[in-house]
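Structure first, commentary second.
The values are calculated or read from the model by the stated rules, or taken from the named source; none is laboratory data. Being a predicted model, the structure only gives us computed values, none of them experimental. Heads up, the Cβs are rebuilt from the backbone with ideal geometry, glycines too, and the neighbour counts pull from every protein chain shown.
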Amino acid sequence: MSIKDKAAVVGVGSTPYYKRGQSYPESEFSMACTAILAALDDAGLTIKDLDGFSIYSNSCDPASVAAELGVPEVRWATTLTSGGGGCAGALGVAAAAIDAGMASTIVTLMTLQQLNKRLGGSAVGGMLAYATASEGSSPYGGSGIPPSAAFTANNGLLSPGHSFSLLAMRHMHLYDTKREYFAEICITQRENAIKRPTSLRKDPLTLDDYFNARMISDPLCLFDYTMESDGAVAVITVSADRVKDLRQPPAYIMASAHGGSGRWGPALFRYFQIPEEEFPSSGHRPVAKRLFEMAGVRPADVDVALLYDHFSPMVLMQLEDYGFCPIGEGGRFIEDGNIRFGTGTIPVNTHGGNLSEAYIIGMTHVREAVEQIRGTAVNQVEGAEIALVTGGPASLPVSGTLLRK
Amino acid sequence: MTSTYADPRTQPFWDAAKEERLAAPRCTNCGTFRLPPSPYCFVCQHREVEWIELPGTGKIVSYTVIRHPLHPELAAACPYVSGVVDLDGTQGAGARMLVNIIDCDPDKVRIGDAVEIVWEHVNDDMTTPRFRPVRS
């Protein structure tokens with residue numbers, strides 16, 4: 001028994017994507033509403049049909065959205081814990097809820113405005129917030145600074161990028177991974193983004209540009225870091241039994257999994273106690289195993305991969321962890337042109353990803369996976385029937401979902 | 001941070017730090033070290049610990065050179081090195097320290113390098129650990 005093929009994504013909606021702060025005077029709340037209404041309309045549904053929220057990272061407050069838009073009755077409201085790692089997995093939660101008869105029409109969304117907050121954690125505040133959240137005992141706050149925070153407060157690791165640099169550096173050390181491979185990821189995704197009207201970065205990116213860019217935290221330079229953006233993306237999931245009556249071709253949820261090894265835990269956020277064998281990885285291996293088992297397919301059956309790319313080396317490590325190449329061989333696999341659109345064996349981030357299209361914490365990847373399955377993507381992979389979309393690496397859960405035609 | 005925000009579970013670390021000694025809690029049941037100190041052993045779920053003095057040396061598991069300041073006030077500090085250290089005398093993962101590595105040439109630091117602890121006296125409440133390369 002599983003959720004395989006029990007539900008499908010039938011609607012996609014979004015706001016425009018904006019550079020950080022440029023979405024004002026819209027708000028995260030107003031953009032969430034805009035994306036939800038657009039996704040329902042895309043599916044041929046209305047707000048009267050919506051009865052569930054399966055979100056991640058507490059992306060919105062379902063109570064406020066339901067009241068604002070006049071949802072007749074909320075029957076399901078859950079969030080996957082932690083951060084962006086849950087984006088793909090939230091679709092699986094929606095499918096499970098629908099399969100269990102708990103709700104019928106469920107939205108998954110992210111809305112983001114980096115006007116007064118910056119997810120990169122400007123100086124100490126950002127990472128201290130992660131530390132506080134990871135040990136805070138009450139969602140109502142008041143727990144203050146945990147005693148564990150003093151153990152890492154003065155170590156100079158101030159942002160997620162600093163932390164991800166440590167994983168990348170270890171991978172380079174163990175497997176002779178080179179910056180040229182990270183550059184190939186960035187350049188490939190930029191080439192994909194250039195062709196898309198929605199992309200925020202459309203200037204060509206050369207190898208020289210990459211190596212001349214400002215180094216932020218070795219081995220990651222400016223182009224290895226995601227951009228900071230605003231916007232909202234929402235998708236609608238319904239039972240597979242209902243897809244015939246709707247406007248768009250369905251993207252069936254073939255399989256979905258979230259989680260990871262327990263000792264991966266909060267992983268990169270002031271933790272780093274991951275056992276050696278999983279340290280230089282994306283943390284996705286247990287999820288990938290369950291995902292392919294549930295779907296009954298192999299990595300070679302996947303036609304396009306939308307891999308969470310807040311930092312370029314994490315694309316490389318996910319290619320290994322999802323079995324597109326052996327562990328440690330991600331760099332050579334990329335160097336051989338395998339991830340390119342049009343010519344590669346597994347086109348990756350055909351929308352440009354977080355690095356070059358926009359960063360809406362994973363939902364742009366979900367949107368692209370659906371468009372690839374519909375056959376309407378700007379950089380359409382010919383004959384695409386199965387798409388992989390992932391969330392994370394991050395604090396658990398990380399997640400993956402396979403969509404199919 | 002200029003306060004340890006210690007509770008009874010972490011206070012022994014900071015008390016030892018004031019005397020420039022590295023002490024870590026070890027599970028009395030299975031011998032697994034854990035840092036930062038935490039309520040339960042992740043191997044055997046035992047709670048009781050004994051505090052063991054460690055040599056204060058270790059090896060770099062990974063590191064990064066932070067070259068671009070996240071805040072203008074940090075500009076003078078850049079470039080600086082931060083990394084993960086496996087502590088000698090422990091099992092490694094589960095008791096690693098995430099530390100600032102000082103007194104080094106950022107371009108010469110390598111994974112696997114031997115490092116030793118140096119204590120920075122912040123104030124009467126807090127003496128904080130940093131590491132530096134072991135001079136051979």
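One table, with the values for the structure above:
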| quantity | calculated |
| --- | --- |
| Total residues in the range A:256-272, condition modelled with pLDDT of 95 or more and in a loop (DSSP other than H, G, I, E, B) | 2 |
| Those helices (runs of 4 or more DSSP H) lying entirely in the range A:1-116 with at least 2 residues under 18 Å from residue A:367 (Cβ atoms) | A:28-43, A:89-99 |
| Any chance residue B:64 is within 16 Å of residue B:17 (Cα to Cα), among the β-branched types (Val, Ile, Thr) and surrounded by 15 or more Cβ atoms within 10 Å (Cβ to Cβ) | no |
| Counted residues, the range A:355-405 - those being buried (at least 24 other Cβ atoms within 10 Å of the Cβ), in a loop (DSSP other than H, G, I, E, B) and small (Gly, Ala, Ser) | 5 |
| Those residues of the range A:241-288 which are among the aliphatic types (A, V, I, L, M) and closer than 19 Å to residue B:38 by Cα, in sequence order | A:267, A:268, A:274 |
| Where residue A:338 falls short, out of the listed (1) buried (at least 24 other Cβ atoms within 10 Å of the Cβ); (2) in contact with a Cys (Cβ under 8 Å, 6 or more places away or on another chain) | (1) |
| Residues satisfying the stated conditions in the range A:230-249, i.e. surrounded by fewer than 24 Cβ atoms within 10 Å (Cβ to Cβ) and not aliphatic (A, V, I, L, M) | A:239, A:241, A:242, A:244, A:245, A:247, A:248, A:249 |
| Selection count where residues are more than 22 Å from the chain's Cα centre (by Cα) and either touching a residue at least 24 places away in the same chain (Cβ under 8 Å) or closer than 17 Å to residue A:373 by Cβ (or both), scope the range A:1-21 | 2 |
| Test set (1) part of a loop (DSSP other than H, G, I, E, B); (2) within 14 Å of chain B (Cβ to nearest Cβ); (3) at pLDDT 95 or above - residue A:166 fails condition number | (1) |
| Identity of the residue in the range B:72-84, assigned to a strand (DSSP E or B) and among the aliphatic types (A, V, I, L, M), that ends up nearest to the other protein chains (Cβ to nearest Cβ) | B:84 |
| Selection within the range B:108-136 - at the interface with chain A (Cβ under 9 Å from one of its Cβ atoms) and either more than 24 Å from residue B:2 (Cβ to Cβ) or under 15 Å from the mean Cα position of the chain (by Cα) (or both) | B:110, B:111, B:112, B:120, B:126, B:128, B:129, B:130 |
| Counted residues, the range B:33-61 - those being surrounded by fewer than 20 Cβ atoms within 10 Å (Cβ to Cβ) and not small (Gly, Ala, Ser) | 16 |
| Sole exception among (1) touching a Ser or Thr at 6+ places or on another chain (Cβ under 9 Å); (2) over 26 Å from residue A:400 (Cβ atoms) for residue A:7, by number | (2) |
| Unique residue being touching a His at 6+ places or on another chain (Cβ under 8 Å), surrounded by fewer than 21 Cβ atoms within 10 Å (Cβ to Cβ) and either in a helix (DSSP H, G or I) or of a type in the set (A, V, I, L, M, F, W, C) (or both) when the list is B:104, B:30 | B:30 |
| Residues within the range A:226-247 that are in a helix (DSSP H, G or I) and at pLDDT 95 or above, tallied | 5 |
| Selection from the range A:35-49 of residues that are in contact (Cβ under 8 Å) with a residue 60 or more places away in the chain and over 20 Å from residue A:86 (Cβ atoms) | A:38, A:40, A:42, A:43, A:44, A:45 |
| Residues satisfying the stated conditions in the range A:293-344, i.e. aliphatic (A, V, I, L, M) and in a helix (DSSP H, G or I) | A:294, A:295, A:300, A:314, A:315, A:316, A:317, A:319, A:334 |
| Residue in the range A:297-311 that is small (Gly, Ala, Ser), within 23 Å of residue A:164 (Cα to Cα) and modelled with pLDDT under 95 present | no |
| Where a residue in the range A:143-155 is more than 16 Å from residue B:8 (Cβ to Cβ) and more than 7 Å from chain B (Cβ to nearest Cβ) and its partner, wherever it lies, is among the hydrophobic types (A, V, I, L, M, F, W, C) and surrounded by fewer than 22 Cβ atoms within 10 Å (Cβ to Cβ), with Cβ under 8 Å and at least six apart | none |
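Per-residue answers, yes or no, for (1) modelled with pLDDT under 95; (2) surrounded by fewer than 19 Cβ atoms within 10 Å (Cβ to Cβ):
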position	(1), (2)
A:70	no, yes
A:75	no, yes
A:84	yes, no
A:92	no, no
A:97	no, no
A:110	no, no
A:114	yes, no
A:117	yes, yes
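Yes/no matrix, rows are residues, columns are (1) assigned to a loop (DSSP other than H, G, I, E, B); (2) touching a residue at least 40 places away in the same chain (Cβ under 8 Å); (3) within 30 Å of residue A:219 (Cβ to Cβ); (4) at the interface with another protein chain (Cβ under 10 Å from one of its Cβ atoms):
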residue	(1), (2), (3), (4)
B:4	yes, yes, no, yes
B:8	yes, no, no, yes
B:12	no, no, no, no
B:16	no, no, no, no
B:37	yes, no, no, yes
B:50	no, no, no, no
B:59	no, yes, yes, no
B:70	yes, no, yes, yes
